[in-house]
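Peer 1: Here it is, the structure, as structure tokens.
The values are calculated or read from the model by the stated rules, or taken from the named source; none is laboratory data. Treat the numbers as computed from the prediction; the structure is a model and nothing was measured. Here the Cβ is made from the backbone with ideal geometry for all residues, glycine too, and neighbour counts use every protein chain on show. Accessible surface areas use protein heavy atoms only, side chains included; no ligands, DNA or RNA. Shrake-Rupley method; radii C 1.70, N 1.55, O 1.52, S 1.80 Å.
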Amino acid sequence: MSMEDIEIISLEPDKLKKLLKENAIPQYRGEQLFDWIHRRYVTKLSEMNNLPKDFINLLGGTDRDLCPVTAGEVFTSSDKTRKMEILLKDGLKVETVLIPENGKLTQCISSQVGCSVGCEFCRSGKFGFKRNLTAGEILGQIFAAREFYFPDEHLTNVVFMGIGEPFHNYDNVLNAYQLICNPKGIGLSSRKVTISTAGITKGIEKLGIDTDGKAALAISLHAATEDVRKKLVPGMKTTLEEIVKALKNYPLPQRRRFTIEYVMVKGVNDSDQDARALVRLLSTLRVKINLLPLNEHDLSDLQTPDEERVLAFTRILTDKGLSVFMRKKRGNDINAACGQLLGEKSK
Ligand code: SAH
Ligand code: SF4
């Protein structure tokens, strides 16, 4: 394969070095190239002014932008959350969201076009699965979003909580994750980059091995009994018991906790009994719980519980010593809140 056809932005430094070696290019050129892309966020070859012409031509010439995605339409919420369409080269689209809060800037990125898990309450899964994103398309969302930062904003956190099930695209997600955390590049600390899964135990196990347990992990549980879990997450075959076991085996560093995501749905998983079952299920794990009262949307009839119900549910958890965080609804007016991202069919 010629260099023109290779997705350069997804190459880890050692892979980049190997590629240059094969093409008889000196190693320090690889360091310069990596620096342009991952530390200075410059992906247009025409702007890399310390690279020789021959090398630029080998990479595809001055017309090439190494970022494989571009931003499409941008929607700005009254709370300053921004949702961007991300246009892929084959005409498909995904979405990414920038969420500012208390001096932090979190970007929520997508890992697939569509999702095959098809959770009842989630808009992203409603049109099925189209394809996996490449590592460059995952990372490219971060580059593409930069032009929409407000002055003085800096990326502080990344969450793999956009469209798609990250562990159904494990290798590309891990590749992007490692580049986001590379200290010579974007350089976010591993605790600031969270991968969220609907419960794929093989993925949990692999991530534990591949990152020594450093990757921050969120589990979309939504249920404490198999019956409820089947109703809400019908596309996952793993049992709750298997998920808990996988978490127990994860080499979680000291003082770190898993995030358990729990979308509260009226009349389905919001009773006192559900709360007590959740306490029991999680009793042997170090966790914090992210409660997300369902964001209602056009593609589902499920409803969000009343506020008193949410409070009563929360109290049962906190009384048993669990830390509970209420996920604030961000960007609801632009359909950018959790589970509302759509991508391809957003119009
Ligand atoms: N597929 C992964 C990554 C997506 S994360 C996963 O499911 O974990 C998106 C988060 O938003 C998940 O916790 C998901 O359950 C939640 N979510 C989906 N639809 C939602 C809705 N309508 N209201 C609130 N949260 C929702
Ligand atoms: Fe897929 Fe996650 Fe949405 Fe479920 S909640 S359909 S796993 S993106």
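Peer 1: Out of curiosity, is I200 open to solvent by 10 Å² or more (accessible area, probe 1.4 Å) and within 16 Å of ligand 1 (Cβ to nearest atom)?
Peer 2: Values: open to solvent by 10 Å² or more (accessible area, probe 1.4 Å): yes; within 16 Å of ligand 1 (Cβ to nearest atom): yes.
Against the criterion (open to solvent by 10 Å² or more (accessible area, probe 1.4 Å) and within 16 Å of ligand 1 (Cβ to nearest atom)), I200 qualifies.
Peer 1: Tell me which of these G185 doesn't satisfy, since it passes every other one: (1) open to solvent by less than 50 Å² (accessible area, probe 1.4 Å); (2) closer than 28 Å to P13 by Cα; (3) within 11 Å of ligand 1 (Cβ to nearest atom); (4) not basic (K, R).
Peer 2: Condition not satisfied by G185: (3).
Peer 1: Counting only residues that are within 16 Å of ligand 1 (Cβ to nearest atom) and polar (S, T, N, Q), which one in the range 315-346 is farthest from T106 (Cα to Cα)?
Peer 2: S346
Peer 1: Restricting attention to the range 275-301, report how many residues are open to solvent by 20 Å² or more (accessible area, probe 1.4 Å) and either over 18 Å from R123 (Cα atoms) or modelled with pLDDT of 95 or more (or both).
Peer 2: Qualifying residue count for the region: 10.
Peer 1: Scan the range 65-78 for residues that are open to solvent by less than 50 Å² (accessible area, probe 1.4 Å) and assigned to a loop (DSSP other than H, G, I, E, B) and jot them down.
Peer 2: Within the range 65-78, L66, C67, P68, V69, S77 qualify.
Peer 1: For L105, only one of the following conditions fails: (1) free of Cβ contacts under 8 Å to residues at least 60 places away in the same chain; (2) buried (at least 21 other Cβ atoms within 10 Å of the Cβ); (3) under 16 Å from K329 (Cα atoms). What is its number?
Peer 2: Of (1) free of Cβ contacts under 8 Å to residues at least 60 places away in the same chain; (2) buried (at least 21 other Cβ atoms within 10 Å of the Cβ); (3) under 16 Å from K329 (Cα atoms), only one is false for L105: (2).
Peer 1: Inside the range 20-29, can you point out the residues that are of a type outside the set (G, A, S) and surrounded by fewer than 16 Cβ atoms within 10 Å (Cβ to Cβ)?
Peer 2: Result: K21, E22, N23, P26, Q27, Y28.
Peer 1: Find the residue count for the range 36-63, including only residues that are in contact (Cβ under 8 Å) with a residue 12 or more places away in the chain and either crowded, with 20+ Cβ neighbours inside 10 Å or part of a helix (DSSP H, G or I) (or both).
Peer 2: Matching residues across the range 36-63 total 11.
Peer 1: Exactly one condition in (1) under 19 Å from N169 (Cβ atoms); (2) within 18 Å of the chain's Cα centre (by Cα); (3) not in a strand (DSSP E or B) is false for D90; which is it?
Peer 2: It is condition (2) that D90 fails.
Peer 1: Got at least one residue in the range 26-35 being within 23 Å of K184 (Cβ to Cβ) and part of a loop (DSSP other than H, G, I, E, B)?
Peer 2: yes
Peer 1: On to the next question. Give me the pairs, please: first residue somewhere in the range 285-307 and closer than 25 Å to L247 by Cα and without any contact (Cβ under 8 Å) to a residue 60 or more places away in the chain, second residue anywhere and open to solvent by 40 Å² or more (accessible area, probe 1.4 Å) and assigned to a strand (DSSP E or B), beta-carbon distance under 6 Å, and either six or more positions apart or on two chains.
Peer 2: Listed pairs, sorted by first residue: L291/M326.
Peer 1: Having 2 or more residues that are basic (K, R) is the bar; report the strands (runs of 3 or more DSSP E) wholly within the range 104-143 that clear it.
Peer 2: Numbers: elements: 104-108, 112-114, 129-132.
By residue number, 129-132.
Peer 1: Right, here's the next one. Looking at G208 and the list (1) surrounded by fewer than 19 Cβ atoms within 10 Å (Cβ to Cβ); (2) away from ligand 2 (no atom under 16 Å from the Cβ); (3) not in a loop (DSSP other than H, G, I, E, B), which single condition is not satisfied?
Peer 2: (1)
Peer 1: More than 10 Å from ligand 1 (Cβ to nearest atom), open to solvent by less than 30 Å² (accessible area, probe 1.4 Å) and touching a residue at least 40 places away in the same chain (Cβ under 8 Å): does that describe A216? I'd like the intermediate steps shown before the answer.
Peer 2: Values: more than 10 Å from ligand 1 (Cβ to nearest atom): yes; open to solvent by less than 30 Å² (accessible area, probe 1.4 Å): yes; touching a residue at least 40 places away in the same chain (Cβ under 8 Å): yes.
It is true that A216 is more than 10 Å from ligand 1 (Cβ to nearest atom), open to solvent by less than 30 Å² (accessible area, probe 1.4 Å) and touching a residue at least 40 places away in the same chain (Cβ under 8 Å).
Peer 1: From L179, L155, which residue is out of contact with any Cys (no Cβ under 7 Å at 6 or more places or on another chain) and in a helix (DSSP H, G or I)? It would help to see each step written out before you state the result.
Peer 2: Values: L155 fails: in a helix (DSSP H, G or I).
Exactly one of L179, L155 is out of contact with any Cys (no Cβ under 7 Å at 6 or more places or on another chain) and in a helix (DSSP H, G or I), namely L179.
Peer 1: Could you grab me the full set of residues in the range 227-258 that are assigned to a helix (DSSP H, G or I), open to solvent by 20 Å² or more (accessible area, probe 1.4 Å) and closer than 20 Å to G125 by Cβ?
Peer 2: K230, K231
Peer 1: Now, a different point. Of the conditions (1) within 14 Å of ligand 2 (Cβ to nearest atom); (2) under 19 Å from the mean Cα position of the chain (by Cα), L232 clears all except one; give me its number.
Peer 2: Condition (2) is where L232 drops out.
Peer 1: Here is a further query. Look through S124, S116 and report the one residue that is within 16 Å of ligand 2 (Cβ to nearest atom) and surrounded by fewer than 18 Cβ atoms within 10 Å (Cβ to Cβ).
Peer 2: Values: S124 fails: surrounded by fewer than 18 Cβ atoms within 10 Å (Cβ to Cβ).
Result of the check over S124, S116: S116.
Peer 1: Please give the number of the condition S77 fails out of (1) within 24 Å of P13 (Cβ to Cβ); (2) modelled with pLDDT under 95.
Peer 2: Every condition holds for S77 apart from (1).
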